[in-house]
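Enquirer: Dropping the structure in here first, questions after.
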Amino acid sequence: MLRELLSIFRSGNPLKAMADNFSEMLKLVYELAVMGGNLYFEKSAAPDDRTQIYKQDIRVNKLERVIRKQVIGHLAVRGNSPDLPYCLALMSLVKDVERIGDYAKNLAEVPDFSPNALPDDETSAELREIRTGVEEILLAGARVFEESDDERAVELIRSGQDLAQRADALIRNIARSSYDASTAVALVLGTRYYKRIAAHMLNVLSSVVMPLHKLDYYDEREFPVRAQG
């Protein structure tokens, strides 16, 4: 589906403007995830840090609305009806990207109700590895989308599936642990937020390798998680 979508985007304005705005959204949410992760793990946010995250999230939300307006305006023009399926696909993709920004913002807010430092143990180490993997998917995923790189998209989807399984296992371990309530909540929320960030980026990547009618519903059987070594 993505090749058709990109060919339309590259055909000229206003579709090129939509593509540029979508690429900007992907860049912004990657930066948001990094900033949110820094505040989540370091728990030492200056007022300006939190303000910057909220401002960045507002920029993402505004771009989502701009793209929706561009889509509606484009489809209102006579002769543009062949672009309808791909414009509607873009409407779905921008929502996934917007949700990534929301979860990144949620990460930054965890220290508000769980101010204690995270434990220096295997659980936190695993969560940091999950964070690194998710941020790598966000960064690489933006390039994959722009270049319509099928093979790399499949690699990232497999990586994201693996991270989701690791996140689920980590939550089970936390549930069986002896952490105090505040620490357990902080760890579970962080793990869950990273899993959701990855899931929404995988939805975007699904547009690279799946037909239009399977957008967001890629079959995991087509991308089996590789066995752990």
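The values are calculated or read from the model by the stated rules, or taken from the named source; none is laboratory data. Note that this is a predicted model, so its numbers are computed, not measured. Cβ: placed from backbone, ideal geometry, glycine included. Neighbour counts: every protein chain shown. SASA here: full protein model, heavy atoms, side chains in, ligands and nucleic acids out. Shrake-Rupley method; radii C 1.70, N 1.55, O 1.52, S 1.80 Å.
Enquirer: Against the condition under 14 Å from the mean Cα position of the chain (by Cα) and either surrounded by 15 or more Cβ atoms within 10 Å (Cβ to Cβ) or at pLDDT below 95 (or both), how does Arg166 come out, does it pass?
Expert: So Arg166 does not fit the description; no.
Enquirer: Scan the stretch 139-154 for residues that are over 16 Å from the mean Cα position of the chain (by Cα) and without any contact (Cβ under 8 Å) to a residue 40 or more places away in the chain and jot them down.
Expert: Passing the criteria: Glu147, Glu151, Arg152.
Enquirer: Now a separate question. Restricting to the stretch 25-80, and then to whatever is under 30 Å from Ser182 (Cβ atoms) and among the β-branched types (Val, Ile, Thr), can you tell me which residue is most open to solvent (accessible area, probe 1.4 Å)?
Expert: Taking the candidates together, the pick is Ile58.
Enquirer: Being among the hydroxyl-bearing types (Ser, Thr, Tyr), touching a residue at least 40 places away in the same chain (Cβ under 8 Å) and open to solvent by 10 Å² or more (accessible area, probe 1.4 Å) is the filter here; which residues of the stretch 111-138 pass it?
Expert: Within the stretch 111-138, just Thr123 meets the criteria.
Enquirer: Taking only pairs six or more apart or across chains, which ones have beta-carbon atoms under 7 Å, a first residue in the stretch 176-195 that is in contact (Cβ under 8 Å) with a residue 40 or more places away in the chain and farther than 14 Å from Pro119 by Cβ, and a second residue that is polar (S, T, N, Q) and open to solvent by 20 Å² or more (accessible area, probe 1.4 Å)?
Expert: If the second residue must be polar (S, T, N, Q) and open to solvent by 20 Å² or more (accessible area, probe 1.4 Å), the pairs left are Tyr193/Asn106.
Enquirer: How many of the residues in the stretch 77-101 are assigned to a loop (DSSP other than H, G, I, E, B) and of a type in the set (S, T, N, Q)?
Expert: 1
Enquirer: Condition first: at pLDDT 95 or above and open to solvent by less than 10 Å² (accessible area, probe 1.4 Å). Can you find one or more residues in the stretch 139-161 that meet it?
Expert: Looking for residues that are at pLDDT 95 or above and open to solvent by less than 10 Å² (accessible area, probe 1.4 Å), one finds none in the stretch 139-161, hence no.
Residues are listed down the side, and each one gets a yes or a no for (1) open to solvent by 40 Å² or more (accessible area, probe 1.4 Å); (2) part of a loop (DSSP other than H, G, I, E, B); (3) among the basic types (Lys, Arg); (4) at pLDDT below 95:
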position	(1), (2), (3), (4)
Leu187	no, no, no, no
Thr191	no, no, no, no
Arg196	yes, no, yes, no
Leu202	no, no, no, yes
Val208	no, no, no, yes
His213	yes, no, no, yes
Asp216	yes, yes, no, yes
Ala227	yes, yes, no, yes
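Enquirer: Give the stretch 59-110 a look and list any residue that's within 16 Å of the chain's Cα centre (by Cα), of a type outside the set (S, T, N, Q), modelled with pLDDT of 85 or more and farther than 17 Å from Ala198 by Cα, or say none.
Expert: Matches in the stretch 59-110: Arg59, Val60, Leu63, Glu64, Met91.
Enquirer: Still on this model: Any residue at all in the stretch 163-183 that's part of a helix (DSSP H, G or I), in contact with a Phe, Trp or Tyr (Cβ under 8 Å, 6 or more places away or on another chain) and among the β-branched types (Val, Ile, Thr)?
Expert: Looking for residues that are part of a helix (DSSP H, G or I), in contact with a Phe, Trp or Tyr (Cβ under 8 Å, 6 or more places away or on another chain) and among the β-branched types (Val, Ile, Thr), one finds none in the stretch 163-183, hence no.
Enquirer: Take the stretch 102-128 and flag every residue that is part of a loop (DSSP other than H, G, I, E, B) and either more than 18 Å from Arg50 (Cβ to Cβ) or small (Gly, Ala, Ser) (or both).
Expert: Once the filter is applied, which keeps residues that are part of a loop (DSSP other than H, G, I, E, B) and either more than 18 Å from Arg50 (Cβ to Cβ) or small (Gly, Ala, Ser) (or both), the stretch 102-128 yields Ser114, Asn116, Ala117, Leu118, Pro119, Asp120, Asp121.
Enquirer: Could you check, for the stretch 37-46, whether at least one of its residues is part of a helix (DSSP H, G or I), within 16 Å of the chain's Cα centre (by Cα) and of a type in the set (S, T, N, Q)?
Expert: No: the stretch 37-46 contains no residue that is part of a helix (DSSP H, G or I), within 16 Å of the chain's Cα centre (by Cα) and of a type in the set (S, T, N, Q).
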